[in-house]
Amino acid sequence: MTSQEEVTEIGGVSALRFLWRQLTSMRTALILLLLLGVFAIPGSLIPQRTQNPMKVREYFVNDPTLATWMDRLSLFDVYGSPWFSAIYILLFISLIGCVLPRTVEHFKASRALPPLTPKYLERMEFHQSWKASGSELENARSWLRKKRFRIQESNGALSTEKGYLRETGNLFFHLALILILIGVSLGALFGMKGEAILSVGERFINIPTTYDSLSYGKLFNDRSLSPFTLTIDDFQAKYDSLTNAPQDYTLTVTATDKPGATPVKRIIKVNSPLSFGATNVYLQANGFSPIVTVRNKAGDVVLQGAIPFLPQDANLTSIGAIKVPDSDPQLGFVASFVPTAGRDAVRGAISVYPEALDPKLLFSIWKGDLGLDRGTPQSVYRIDTSKMKQIGLNSLKIGETFSFAEGSITFDNLVPWVNLQVVRDPGKIYALLGAIVAILGLLGSLFTRRRRIWVRVNQNGTIEVAGLAKNAAPGLEKEIAELVTHLQKERT
Amino acid sequence: MTHSSWAYLSNYLIYSAMAVYTLAFFAHAYETAWAVRAPEGPAVEGNLLVKTLDYSRTERVARIATAFMILGFLLLFAGVVARGISAGRVPWGNMYEFSITGALAFCGAYLVALRKYDLRWLGLLVSTSVLLTLGTAITVLYRPSAPLVPALKSTWLVIHVSAAIVSGGVFLLANTIAAAYLYLDSMEQKGERKAWAKRLPSLEVLDQLSYRLVAFVFPLWTFAVIAGAIWAEHAWGRYWGWDPKETWAFITWVAYAAYLHARVTVGWRGRKAAWLCLFAGSTFLFNYVYVNIWGTGKHTYSGL
Ligand code: HEM
């Protein structure tokens, strides 16, 4: 019995060893690499939750059964899916299992001398031999040394090698890939990302409640939020008057790093974020907020302020909702805003230029129950009119007022709003470092030729020269020809 | 000169380049078709191939063909530069501009490689591809010259896009050679090479050459992807977001890494390696054509 048990145990260990050897084999690495490439494809063809949640929702509306199945296979979340993770985790285990032993080996080899000269040099590439005149070995030695070959000499034979950088570079490249993965993971675990819409004049304090949306890494908490504040001073958008294409966005803010610090004026542009340590603030999108005042029948102000509208096209035709929960009955304005008014046969009122040259606010007025206290979250740009009744329809220019049965609305002015994205990624510096090392390693590896050259003077007075290039790298032939010419020139 | 006259000049230069490439195409076609019609004299011992085939009568045409390729390259280069001047920026703002610059890089890669290797036979394929690219660019993809949208205003545009375009040019050249390998290989499997194909390099040379081209630009492509990530970090607040364009750049990178692996560590050569090379190259093309035109995501600069 005991002996049998022992046998199975050894069997288990050797099975493990067998698996490990399989996993770290070159063939497995190749297969895993190809799989990684192929399995990345579906995520680029099927909409992903992280990028395009609307499209994903459409799938669920159009064909719920199919969508549910796709969801079970993580097809809407490919790059976080168990199967995609499995591939890259296996690949990196294989990478570590492969590279660490090679690093140790290479470290040893890089301090050792090249192996002794083989017996039969004529089997090597570019073998040449001729009658020696005496000083060749010395000349060869100095020539090879000048070219920084590593030399092992014994019994009238030189065994030399050059190009260790190839393996060094290759190892650094593979190790750097691990560093990149570490950087990416740190970012995912300790990072955060949030968005906030702010009208010009408003203040942003970096606490969770100021955000419209906010997501954390698994190991991030509220206290890790950097304690800065921003005041939105000014936003300028420039457009090309021929093509209407945007040319420049400039956002001016007053920033304080932490409570009590002196405020400083700063500028944020599309390609130049504002940094607070590992936290960056990016300018993402912009639009207009009409400023309106709504009064009730008695003439008391029931709502006043800037209300962000959501752009629908490149000319900033925008939709929005003005909700007045504090009036009795509740009022709602289903509205659209056009910075430069124009008409389209199909769409009706549209904007024809993205700057506010001829701004107009168009709306229908509803009274009844806005449904705000029903607990279901509502879009700030839309009104649920199912429990309301339409009581009017109108449009206003800046400064105009429209009175209706339940009160009045004034379009006072407008301010631009900006969408700020706040991102903290403490891992990106490691990823960048890894990327730089990876490229340097690649360059070292792919542009270095590793080769051996042997020179031997035989008993019978002939001299032999031969070489061998790893991976059949080109260029050795020329090098040997140079060496031979050098040696033969010395002779004459 | 005003902006629009630079733009007109650019268009004229592109049209002229197309005309010159057409001439190059015909010259190469003539060379390929007529070079080996008349075996001359008895085969002498030794280098049998050269002795029995006559290339001399098309040598002049072949030289002219190469001259046309160089002239076409220069005209195209001037056209791309003029386009940049007309827009007051680097000429890489939309798909039309990517295409003319890409064709320039492809042709440039061919001419550079031609200095080192006997690749003249590839001229027929190169001129055809360049003509097709320019033709599509000017008919389907053309957009008036205009300034850049804010997201594209960055030094990283210059760095990232130039690296990507040069890599693309060399990858496509490597692909063309891999395709030629497969074609000639299947011809040899059936028997001897046809007369016109006899002067093309041996399979071994083609195999090595496409490998060397890939190994040469792989670091540059790696750099292009990383530069793109750095730029994305500046513009969008994340360096990697699995946007379709990024995903396909990654797939191309992984595919070429697999190709290098297959060659260096597993020892793939010949057909298998050539197919893998073609696969990797097609992911690059797919990214360019499909993702630019039909794809979604943040990289919507085709201008279409
Ligand atoms: C993320 C996955 C990997 C990538 C992107 C990758 C990429 C590459 C590239 C581009 C090369 C060729 C360039 C050069 O010679 O330096 C290479 C070579 C090599 N890789 Fe990898 N590799 C990966 C994983 C692995 C794994 C898992 C192993 C081991 C099982 C491995 C072992 C090797 C070896 C031995 C070489 C050739 C060294 C030589 O003789 O020059 N790699 N790799």
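The values are calculated or read from the model by the stated rules, or taken from the named source; none is laboratory data. What you see is a predicted model; the values in this text were computed from it and never measured. Because the Cβ atoms are built from the backbone with ideal geometry, glycine has one as well, and the counts that use them run over all protein chains shown.
Of all residues assigned to segment A:419-429, none qualifies as being within 13 Å of chain B (Cβ to nearest Cβ), within 16 Å of the ligand (Cβ to nearest atom) and over 24 Å from A:VAL184 (Cβ atoms). The residue that is farthest from the ligand (Cβ to nearest atom), among those in segment B:261-271 that are in contact (Cβ under 8 Å) with a residue 40 or more places away in the chain and either touching a strand residue (DSSP E or B) at 6+ places or on another chain (Cβ under 6 Å) or in a helix (DSSP H, G or I) (or both), is B:ARG271. Take the conditions more than 18 Å from B:ALA280 (Cα to Cα), at pLDDT below 80, touching a Pro at 6+ places or on another chain (Cβ under 8 Å) and within 14 Å of another protein chain (Cβ to nearest Cβ) and apply them to B:PRO150. Does it pass? In short, yes.
Yes/no per residue for (1) at pLDDT below 90; (2) away from chain B (no Cβ under 14 Å); (3) not in a helix (DSSP H, G or I):
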| residue | (1), (2), (3) |
| --- | --- |
| A:THR160 | no, yes, yes |
| A:THR168 | no, yes, no |
| A:LEU175 | no, yes, no |
| A:LEU179 | no, no, no |
| A:GLY183 | no, no, no |
| A:THR209 | yes, yes, no |
| A:LEU242 | yes, no, yes |
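Number of residues in segment A:244-273 that are closer than 16 Å to A:GLN284 by Cβ, out of contact with any Gly (no Cβ under 8 Å at 6 or more places or on another chain) and within 12 Å of chain B (Cβ to nearest Cβ): the value is 10. Per the conditions (1) surrounded by fewer than 20 Cβ atoms within 10 Å (Cβ to Cβ); (2) modelled with pLDDT of 85 or more; (3) among the aromatic types (Phe, Trp, Tyr), the sole criterion not satisfied by B:TRP196 is (2).
Among the residues in segment A:49-68, are any touching a residue at least 60 places away in the same chain (Cβ under 8 Å) and either surrounded by fewer than 14 Cβ atoms within 10 Å (Cβ to Cβ) or of a type in the set (A, V, I, L, M) (or both)?
Residues of segment A:49-68 touching a residue at least 60 places away in the same chain (Cβ under 8 Å): none.
The answer is no; no qualifying residue exists.
Could we say that A:LEU33 is part of a helix (DSSP H, G or I) and either facing chain B (nearest Cβ under 9 Å) or at pLDDT 90 or above (or both) here?
Details: part of a helix (DSSP H, G or I): yes; either facing chain B (nearest Cβ under 9 Å) or at pLDDT 90 or above (or both): yes.
Yes: the conditions hold for A:LEU33.
Out of the residues in segment A:431-458 that are polar (S, T, N, Q) and surrounded by fewer than 22 Cβ atoms within 10 Å (Cβ to Cβ), state the one that is farthest from the chain's Cα centre (by Cα). I'd like the intermediate steps shown before the answer.
Of all residues in segment A:431-458, those polar (S, T, N, Q) come to A:445, A:448, A:458.
This time we only want the ones that are surrounded by fewer than 22 Cβ atoms within 10 Å (Cβ to Cβ), so: A:448, A:458.
Details: A:THR448: 31, A:ASN458: 61 Å.
Taking the candidates together, the pick is A:ASN458.
Please determine whether any residue of segment A:372-391 is closer than 30 Å to A:THR231 by Cα and assigned to a strand (DSSP E or B). Within segment A:372-391, not a single residue is closer than 30 Å to A:THR231 by Cα and assigned to a strand (DSSP E or B). Looking only at segment B:163-179, which residues are more than 18 Å from B:LEU119 (Cβ to Cβ) and not aliphatic (A, V, I, L, M)? Result: B:SER167, B:GLY168. Counted as qualifying within segment A:36-128 are the helices (runs of 4 or more DSSP H) with 3 or more residues that are away from the ligand (no atom under 16 Å from the Cβ) and within 14 Å of chain B (Cβ to nearest Cβ), namely A:42-45, A:53-62. Number of residues in segment A:232-284 that are surrounded by 18 or more Cβ atoms within 10 Å (Cβ to Cβ) and of a type in the set (Val, Ile, Thr) equals 6. Checking each residue in segment B:102-157 for being farther than 24 Å from B:LEU13 by Cβ and not in a helix (DSSP H, G or I) picks out B:TYR117, B:ASP118, B:LEU119, B:VAL149, B:LYS153, B:SER154.
If I ask for residues that are assigned to a loop (DSSP other than H, G, I, E, B) and crowded, with 20+ Cβ neighbours inside 10 Å, which ones from segment A:328-355 would you list? Working first, answer last.
We begin by selecting, within segment A:328-355, every residue assigned to a loop (DSSP other than H, G, I, E, B); these are A:328-329, A:339, A:345-347, A:352-355.
If the condition is that a residue be assigned to a loop (DSSP other than H, G, I, E, B) and crowded, with 20+ Cβ neighbours inside 10 Å, then A:PRO339, A:PRO354 are the ones that fit.
All of B:ALA229, B:ALA258, B:ALA274 fail the test of being surrounded by 20 or more Cβ atoms within 10 Å (Cβ to Cβ), more than 24 Å from A:LEU181 (Cβ to Cβ) and either at pLDDT 90 or above or within 13 Å of the ligand (Cβ to nearest atom) (or both), apart from B:ALA274. Among the residues of segment A:239-254, those that are of a type outside the set (S, T, N, Q) and out of contact with any helix residue (DSSP H, G or I) (no Cβ under 8 Å at 6 or more places or on another chain) comprise A:TYR239, A:ASP240, A:LEU242, A:ALA245, A:LEU251, A:VAL253. For the list (1) surrounded by 20 or more Cβ atoms within 10 Å (Cβ to Cβ); (2) on the phi < 0 side of the Ramachandran plot, I need the number of the one condition that B:GLY237 fails. If we test B:GLY237 against (1) surrounded by 20 or more Cβ atoms within 10 Å (Cβ to Cβ); (2) on the phi < 0 side of the Ramachandran plot, just (2) comes out false. Taken together, the residues in segment B:67-91 that are farther than 18 Å from B:ARG143 by Cα and in contact with a Gly (Cβ under 7 Å, 6 or more places away or on another chain) amount to 2.
Can you find even one residue in segment A:478-491 that is within 16 Å of the ligand (Cβ to nearest atom) and within 14 Å of chain B (Cβ to nearest Cβ)?
Here is the first cut: in segment A:478-491, the ones within 16 Å of the ligand (Cβ to nearest atom) are none.
Checked segment A:478-491: no residue is within 16 Å of the ligand (Cβ to nearest atom) and within 14 Å of chain B (Cβ to nearest Cβ).
Taken residue by residue, segment B:207-220 has at least one member that is without any contact (Cβ under 8 Å) to a residue 60 or more places away in the chain and closer than 30 Å to A:LYS269 by Cα.
Please pick out the residue among A:ILE207, A:ILE182, A:ILE178 that is out of contact with any strand residue (DSSP E or B) (no Cβ under 9 Å at 6 or more places or on another chain), farther than 29 Å from A:PHE107 by Cβ and among the β-branched types (Val, Ile, Thr). Every option except A:ILE207 fails the conditions.
Of the residues making up segment A:164-186, those that are under 21 Å from A:TYR216 (Cα atoms) and of a type outside the set (Ser, Thr, Tyr) are A:ILE180, A:LEU181, A:ILE182, A:GLY183, A:VAL184, A:LEU186.
Look at A:ILE10 and say whether it is part of a helix (DSSP H, G or I), among the aliphatic types (A, V, I, L, M) and at pLDDT below 85. Break it down stepwise before answering.
Working: part of a helix (DSSP H, G or I): yes; among the aliphatic types (A, V, I, L, M): yes; at pLDDT below 85: yes.
Answer is yes for this residue.
Close contacts from segment A:387-416, counting a first residue that is without any contact (Cβ under 8 Å) to a residue 12 or more places away in the chain and a second that is among the hydroxyl-bearing types (Ser, Thr, Tyr), with Cβ to Cβ under 6 Å and a gap of 6+ residues or different chains, come to A:THR401/A:SER408; A:THR401/A:THR410.
Put simply, of A:LYS428, A:LYS489, A:LYS470 the only residue that is loosely packed, with under 15 Cβ neighbours inside 10 Å and basic (Lys, Arg) is A:LYS489. A:GLU125 passes every criterion in (1) buried (at least 18 other Cβ atoms within 10 Å of the Cβ); (2) in contact (Cβ under 8 Å) with a residue 60 or more places away in the chain apart from (1). Filtering B:ARG212, B:ARG263, B:ARG269, B:ARG238 for residues that are of a type in the set (Lys, Arg) and within 7 Å of chain A (Cβ to nearest Cβ) leaves a single hit, B:ARG238. Identify the residue in segment A:392-415 that is part of a strand (DSSP E or B) and among the hydrophobic types (A, V, I, L, M, F, W, C) and, among all such residues, is surrounded by the most Cβ atoms within 10 Å (Cβ to Cβ). So, considering only residues that are part of a strand (DSSP E or B) and among the hydrophobic types (A, V, I, L, M, F, W, C), the one surrounded by the most Cβ atoms within 10 Å (Cβ to Cβ) is A:ILE409.
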